[in-house]
Amino acid sequence: MTRETSGPSAMEGLLSTLDLEPIEVDIFRGRSPQAGWQRVFGGQVIGQALMAAQRTIEAERFVHSLHAYFMRPGDPSVPIIYQVERIRDGSSFNTRRVVAIQHGRAIFALSASFQLEEPGFDHQIGMPEMPMPEALLGEQQIKEQYLAHAPEAIRAYWQRERPIEIRPVSLTHYFSDRKLDPRQDVWVRATGPVPDDRRYQAAVLAYLSDMTLLDTSLYAHGTSIFDQSLQVASLDHSMWFHRPCKLDDWLLYTQDSPSASGARGLTRGSLFTRSGLLIASVAQEGLIRKKANE
């Protein structure tokens, strides 16, 4: 079956999802793909909220940081309304606050800061040495070699078409209950073209930054987000955009979880280009608790 008869690709679907509908001054409507999810993927809400904020900013200013809180699960069956508040417009920086609303209640809030580009000091940490993505199993190989005997939740995750392809450096976590060091390294890339537009590139990067991150906080406990006895959800998400990136090649997403306590797990992440350029840093805390009836 050709792509023309099977509908848009996953990446085309994501870009359409990020293309919000303006319905009033600083108010936008976003929709969710009907992919069978019980709740809206957190990365989608981050990306849509960022896109809403960006549409109230002058063209020559770009996001450098965002900080967000997840308050309620998103309902994928109804639109999400994004209300943007213009907190400050300065000579170099702009600040926006975005609230996402469904069923009359706030489900998510994001604050973002934008800056007029300017020169300055420049340094970064080095990228760790890792196998290149071509040396790792692709998603099709993982499906063929490992999924037949994997738990149903893991099979469903890998078999769904996604706009972002992932190639974990290690697959041990998916098929073992061993307690591992709380870190993981994953190569990620867009499965289709991303527009040559820094606003879309930032929104797609924000979208993918929520993938695999919370799972890292469970490595030390021999379990994963696929464990049906766990209640797992993102609580907050912060991201810093250091350097622009066209998203036309693989990125290395290195992650570590320095702490888990109080039914919460904290994970940090760094996104590098293949050549070792650090383009973004991420931090997220999530809920990780045993369900009450277990």
Can you give me the C-alpha center-to-center distance between segment 181-241 and segment 13-30, rounded to a whole angstrom? 23
Which cross-chain or sequence-distant (5 or more) residues have an amide H under 5 Å from the amide H of Leu235, H modelled 1.01 Å from N in plane? Glu285, Gly286, Leu287
Can you give me the accessible area per residue for segment 7-115, using a 1.4 Å probe, in Å²? 47
Shape call for segment 66-155 from the C-alpha gyration tensor, a ≥ b ≥ c root eigenvalues: rounded (a/c under 1.5), prolate (a/b greater than b/c) or oblate? oblate
Sequence-distant or interchain residues sharing an amide H contact under 5 Å with Gln124, placed H: which? none
Trypsin sites (Lys or Arg not before Pro) within segment 159-230, DSSP loop, no more than 14 other Cβ atoms inside 10 Å: Arg160, Arg178, Lys179
Residue among Thr273, Pro133, His173 farthest towards the positive dipole end of the chain, charges placed on Cβ: His173
For segment 252-271 and segment 65-82, distance of Cα centres in Å: 22
With +1 at each Lys and Arg Cβ and -1 at each Asp and Glu Cβ, the charge dipole magnitude of the chain around its Cα centre, to the nearest 20 debye, comes out at 760
Once both label points are put 7 Å beyond Cα along the C-beta direction, the Tyr69-Asp248 separation in nm becomes 4.1
Amide hydrogen neighbours beyond the local backbone of Arg55, cut-off 5 Å, H modeled: none
Report the full-extension gain for the segment Thr95 to Asp26: residue separation times 0.36 nm, less the Cα-Cα distance, to one decimal in nm. 23.5 nm
Using θ = phi - 60° and Karplus 6.51 cos²θ - 1.76 cosθ + 1.60, couplings along segment 115-124 (whole Hz; Gly, Pro as x): 9, 5, 4, 8, x, x, 4, 9, 8, 7
Mean shadow area (nm²) of the C-alpha convex hull around the chain is 16.9
Accessible area of the chain belonging to carbon and sulfur atoms, whole % at 1.4 Å probe: 50
For Glu134 and Asp197, extending 7 Å from Cα along the Cα-Cβ vector and measuring point to point gives, in nm, a value of 3.2
Could you give the length gained by full extension between Arg55 and Ala292, i.e. 0.36 nm per residue of separation minus their alpha carbon distance, to one decimal place? 81.1 nm
Subtract the Cα-Cα distance of Arg86 and Gln124 from 0.36 nm times their separation in residues, and report this length gain in nm to one decimal. 10.5 nm
Along segment 96-110, what does the Karplus equation 6.51 cos²θ - 1.76 cosθ + 1.60 (θ = phi - 60°) give for ³J(HN,Hα), rounded to whole Hz, x for Gly and Pro? 10, 10, 10, 10, 9, 10, 9, 6, x, 10, 6, 10, 6, 9, 9
Residue by residue through segment 14-20, which ³J(HN,Hα) values in whole Hz follow from phi under the Karplus form 6.51 cos²θ - 1.76 cosθ + 1.60 (θ = phi - 60°), with glycine and proline marked x? 5, 4, 5, 5, 7, 7, 5
Taking only the C-alpha atoms, wrap a convex hull around segment 7-115 and report its volume per residue in Å³ as a whole number. 104
Within the P(r) computed for segment 183-294, what percentage of the Cα pairs occupies the region above 23 Å? 32
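The values are calculated or read from the model by the stated rules, or taken from the named source; none is laboratory data. Bear in mind the structure is a predicted one, so any value in this text is a computation, not a measurement. A quick note on method: Cβ atoms are made from the backbone with ideal geometry, for glycine too, and the neighbour counts reach across all protein chains shown. Note: accessible area is taken over every heavy atom of the protein model, side chains too, but ligands, DNA and RNA are not part of it. Shrake-Rupley method; radii C 1.70, N 1.55, O 1.52, S 1.80 Å.
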